[in-house]
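The values are calculated or read from the model by the stated rules, or taken from the named source; none is laboratory data. As the structure is a prediction and not an experimental result, all values here were calculated from the model. Reconstructed Cβ throughout: ideal geometry from the backbone, glycine too, with neighbour counts over all protein chains shown. Each accessible area value is taken on the protein alone, full model and side chains, heavy atoms only, with ligands, DNA and RNA left out. Shrake-Rupley method; radii C 1.70, N 1.55, O 1.52, S 1.80 Å.
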Amino acid sequence: MNLDHLNYFKKVAERKNITQAAQELYISQPALSRAMKHLESELGVPLFYHTGRNIELTLYAEAFYPYVKKTLDQYDQGLAAIQALNEEMVPSITIYSEVASVSLPNLVGTFVEKHPEIQLSIKQHGTAENSKDQVYYITSEPKAGLTNLPIFTEPILLALPKKHPLAVKDDLLVADLQHLPLLMLTTNSPLRRTIDEAFEAKKIALTIGSTTDDPATLRSLINQGIGITFFPKITWAYDPNAPFVLRKLADFPLSRTIYLSSSFTETHPMTKMIAKTLTEFFIG
């Protein structure tokens with residue numbers, strides 16, 4: 001059904017005069033009359049009858065009118081909502097990714113595909129020079145003074161080469177790894193801080209064999225079957241076909257929460273849009 005025809009019907013029903021309605025609609029009187037005939041044909045009932053120069057509504061038109069008015073009012077409200085939403089959107093954003101660097105190429109591809117109208121800048125190092133509304137953080141450490149929206153919580157498991165003697169166990173205990181040299185990220189890494197804080201709180205000492213400041217390097221080492229490390233299962237995108245297995249510490253489960261942090265409010269459409277994209281990408 002033609003939306004214009006509904007709008008025409010509403011005007012004619014209110015004015016009860018084809019000439020006046022046509023003038024207010026800025027169309028010709030014959031065109032308006034044809035539109036009303038077409039609408040009557042679609043509905044299969046008469047809508048108007050003439051009384052001199054004016055017209056009156058049939059019972060069908062009187063029953064139809066409140067629904068048409070409500071439909072058009074809701075349509076206008078929908079247009080206003082879209083306009084208001086559009087005014088809150090920004091053309092470009094910067095995302096500081098403090099976690100999930102392994103997944104960034106695919107995440108950027110997904111974001112660009114879903115939101116081609118937004119110019120995206122990704123940064124992995126440093127912090128924003130000043131607090132701008134278009135800056136977001138993907139982080140495991142909530143930012144003071146910003147809105148910190150939790151996106152998901154992921155387990156931090158232990159990654160072992162498939163040929164490692166401990167790989168045959170379904171679950172591990174802290175005692176199993178306490179004296180094993182571990183591959184770790186450097187202490188300036190959010191993941192390393194999460195792990196250190198958890199073990200220090202329980203006064204458990206770990207043996208650190210080697211460190212790197214690059215998660216991709218660490219991932220490359222375990223993919224080569226070199227060493228044991230802690231592995232965030234979701235943000236590091238574990239592949240079951242990888243040459244290592246993941247095992248949880250049964251007596252000391254580890255996890256971390258990933259946040260979307262920014263100076264936007266939690267209900268701002270940009271925040272909701274980015275949070276939805278992250279959730280769909282990581283959780284599905």
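When the stretch 222-241 is filtered for residues that are at pLDDT 90 or above and over 29 Å from the mean Cα position of the chain (by Cα), the ones remaining, listed by number, are 228, 229. Among the residues of the stretch 47-67, those identified as surrounded by 12 or more Cβ atoms within 10 Å (Cβ to Cβ) and not acidic (Asp, Glu) are 47, 48, 54, 55, 57, 58, 60, 61, 64, 65. Can you spot a residue in the stretch 97-109 that is loosely packed, with under 12 Cβ neighbours inside 10 Å, at pLDDT 95 or above and out of contact with any Gly (no Cβ under 9 Å at 6 or more places or on another chain)? Within the stretch 97-109, not a single residue is loosely packed, with under 12 Cβ neighbours inside 10 Å, at pLDDT 95 or above and out of contact with any Gly (no Cβ under 9 Å at 6 or more places or on another chain). Taking each residue of the stretch 145-170 that is charged (D, E, K, R) and looking for partners that are open to solvent by 30 Å² or more (accessible area, probe 1.4 Å) with beta-carbon atoms closer than 6 Å, six or more apart or interchain, yields 154/233; 154/234; 162/243. Taking the stretch 122-235 as the region of interest, the strands (runs of 3 or more DSSP E) fully inside it that hold 2 or more residues being touching a Lys or Arg at 6+ places or on another chain (Cβ under 8 Å), surrounded by 14 or more Cβ atoms within 10 Å (Cβ to Cβ) and at negative phi are 147-161, 182-185. Please determine whether any residue of the stretch 82-89 is closer than 30 Å to residue 215 by Cα, open to solvent by 40 Å² or more (accessible area, probe 1.4 Å) and β-branched (Val, Ile, Thr). Checked the stretch 82-89: no residue is closer than 30 Å to residue 215 by Cα, open to solvent by 40 Å² or more (accessible area, probe 1.4 Å) and β-branched (Val, Ile, Thr).
Quick check, is residue 277 without any contact (Cβ under 8 Å) to a residue 24 or more places away in the chain and either of a type in the set (Val, Ile, Thr) or in contact with a Gly (Cβ under 6 Å, 6 or more places away or on another chain) (or both)? Break it down into steps so the answer makes sense when it comes.
Details: without any contact (Cβ under 8 Å) to a residue 24 or more places away in the chain: no; either of a type in the set (Val, Ile, Thr) or in contact with a Gly (Cβ under 6 Å, 6 or more places away or on another chain) (or both): yes.
So residue 277 does not fit the description; no.
Summed over the stretch 124-140, the residues that are under 10 Å from residue 94 (Cα atoms) and modelled with pLDDT under 85 give a count of 4. When the stretch 3-26 is filtered for residues that are in contact (Cβ under 8 Å) with a residue 12 or more places away in the chain, open to solvent by 70 Å² or more (accessible area, probe 1.4 Å) and not in a helix (DSSP H, G or I), only 16 remains.
Condition check ((1) touching a helix residue (DSSP H, G or I) at 6+ places or on another chain (Cβ under 9 Å); (2) over 30 Å from residue 226 (Cα atoms); (3) of a type in the set (D, E, K, R)) across all residues:
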position	(1), (2), (3)
105	no, no, no
119	no, yes, no
123	no, no, yes
136	yes, yes, no
139	yes, no, no
154	yes, no, yes
167	no, no, no
170	no, no, yes
189	yes, no, no
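For the structure I just gave you, tell me whether residue 271 is open to solvent by 40 Å² or more (accessible area, probe 1.4 Å) and under 16 Å from residue 89 (Cβ atoms).
Numbers: open to solvent by 40 Å² or more (accessible area, probe 1.4 Å): no; under 16 Å from residue 89 (Cβ atoms): yes.
When the stated conditions are applied, residue 271 does not pass them.
Residues checked against (1) of a type in the set (Lys, Arg); (2) touching a Lys or Arg at 6+ places or on another chain (Cβ under 8 Å); (3) closer than 14 Å to residue 151 by Cβ; (4) not in a loop (DSSP other than H, G, I, E, B):
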{"site": "252", "(1), (2), (3), (4)": "no, yes, no, no"}
{"site": "257", "(1), (2), (3), (4)": "no, no, yes, yes"}
{"site": "261", "(1), (2), (3), (4)": "no, yes, yes, yes"}
{"site": "273", "(1), (2), (3), (4)": "no, no, yes, yes"}
{"site": "279", "(1), (2), (3), (4)": "no, no, yes, yes"}
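Screening residue 226 on (1) in contact with a Phe, Trp or Tyr (Cβ under 7 Å, 6 or more places away or on another chain); (2) more than 17 Å from residue 140 (Cβ to Cβ); (3) in contact (Cβ under 8 Å) with a residue 40 or more places away in the chain shows it passes everything except condition (1). Would you mind stating whether residue 256 is at pLDDT 90 or above and either within 27 Å of residue 143 (Cβ to Cβ) or of a type in the set (Asp, Glu) (or both)? For residue 256, the condition - at pLDDT 90 or above and either within 27 Å of residue 143 (Cβ to Cβ) or of a type in the set (Asp, Glu) (or both) - is met.
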